[in-house]
Amino acid sequence: MGKNDTRILMQFAVLAMVLTAAIMVKEATSVTICKIDTNDMQKCRPAVTGNDPPPPVNDCCVVVRAADLGCFCRFKFYLPILGIDPSKVAALVAKCGVTTIPPSCRA
């Protein structure tokens with residue numbers, strides 16, 4: 001895997017962590033993390049879980065495109081602890097048409 005591929009995967013790993021945290025906490029109260037309401041993150045759950053996840057629905061992609069991915073990258077190192085496969089998150093973000101990689105995700 002090339003250096004750029006690894007960097008892209010790390011960017012999306014943070015998004016997966018936040019999505020998983022939102023899935024694990026099922027409270028009526030929502031919290032905003034990196035410009036995303038945690039309740040809205042549920043819309044992406046099917047696209048990042050399982051062995052062969054379905055493509056993301058449009059509502060999920062709206063959430064992904066609104067996210068501050070640079071902010072999410074600060075949490076990327078916690079993904080393995082949560083059992084998240086960064087490649088599924090990378091695939092989700094790519095399928096939603098996000099192509100800009102924040103500088104903070106490249107390091």
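Which net charge results when you count Lys and Arg as +1 and Asp and Glu as -1 among the other residues whose beta-carbon is under 14 Å from that of PRO54? Please list the in-between numbers first.
Numbers: positive: LYS43, ARG45, LYS88, LYS95; negative: ASP52, ASP59.
My count for the surroundings of PRO54 gives +2.
Phi angles across region 57-63 convert, under the Karplus curve 6.51 cos²θ - 1.76 cosθ + 1.60 with θ = phi - 60°, into 3J(HN,Hα) values of 6, 4, 4, 5, 5, 4, 5 Hz, Gly and Pro given as x.
Full extension of the segment from TYR78 to ASP37, taken as 0.36 nm per residue of separation minus the current Cα-Cα distance, would add 12.8 nm.
Each value in this text was obtained by applying a stated rule to the coordinates, not by laboratory testing. Since this is a predicted model, take the numbers as computed values, not measurements. Neighbour counts run over all protein chains shown; Cβ positions are idealised from the backbone, glycine included.
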